[in-house]
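So the structure is just underneath, and the comments pick up after that.
The values are calculated or read from the model by the stated rules, or taken from the named source; none is laboratory data. This one's a predicted model, so the numbers in the text were calculated from it and none came from an experiment. As a convention, Cβ positions derive from the backbone with ideal geometry for all residues, glycine included, and neighbour counts pool all protein chains shown.
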Amino acid sequence: MFGCLVAGRLVQTDAVQVSSDKFVFNLPDYENVNHVVVFMLGTVPFPAGMGGAVYLSFPDPASGSAVWQLLGFITNDKPSAIFRISGLKAAESEHNPFSMMASSSVAQVGVSMEALDQLAQQTPVSSAAVSTIDFFLQFTQKMLDSLFNYTSSFAVSQAQMTPNPAEIFVPSSCILKWYENFQRRMTKNPYFWKS
């Protein structure tokens, strides 16, 4: 019913069913994993009014017991989700449907089938949400920096210029002005370029 994907690894579709409504995937070498994708395979939908709460478990270095944290959820209307798990710290384990399970030396991703109204009342760990706006802003900033650095690497003074009637020169001050304007507009509205 479910799949789990980590970049650079094979897709896992062999969730272990630990009870009638709970499934887990083992996540070896979890310290080197940044994001986890959990998705429905499309073969079996959730029963009407149900969805899946997605949890992450990792061993607490101090006690060795498993710490479970709610990442988010998937439903028939939202059959996949990406979760950022890098940087999650061992915190006080909240009450969750996996808390009675034994700890493991590897991390685990758990999916617990729950009523949609219960899912709506739960609060996932805030650092697990992957923000597309943050990713977009990061990409744009890197692109701007790359363009400016690339064009600046060709900068020459007027004294160093070799006359070439076929070559067009753009003053670096124009590129810098565009760069600063683009950054300012992105800060105000990340989607300004759509208009």
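Name the single residue, out of those in the stretch 99-115 being surrounded by 14 or more Cβ atoms within 10 Å (Cβ to Cβ) and more than 23 Å from the chain's Cα centre (by Cα), that is modelled with the highest pLDDT. Checking each candidate, the answer is GLU114.
Counting only strands (runs of 3 or more DSSP E) that sit completely within the stretch 1-66, those holding 1 or more residues that are free of Cβ contacts under 8 Å to residues at least 24 places away in the same chain and polar (S, T, N, Q) correspond to 16-19.
Rundown of residues vs (1) farther than 30 Å from LYS194 by Cα; (2) at pLDDT 75 or above, yes/no style:
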{"site": "LEU119", "(1), (2)": "yes, yes"}
{"site": "SER127", "(1), (2)": "no, no"}
{"site": "PHE135", "(1), (2)": "no, no"}
{"site": "GLN141", "(1), (2)": "no, yes"}
{"site": "SER146", "(1), (2)": "no, yes"}
{"site": "THR151", "(1), (2)": "no, yes"}
{"site": "GLN158", "(1), (2)": "yes, yes"}
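Within the stretch 150-169, the set of residues being surrounded by 10 or more Cβ atoms within 10 Å (Cβ to Cβ) and either in a loop (DSSP other than H, G, I, E, B) or touching a helix residue (DSSP H, G or I) at 6+ places or on another chain (Cβ under 7 Å) (or both) comprises THR151, SER152, ALA155, VAL156, MET161, PHE169.
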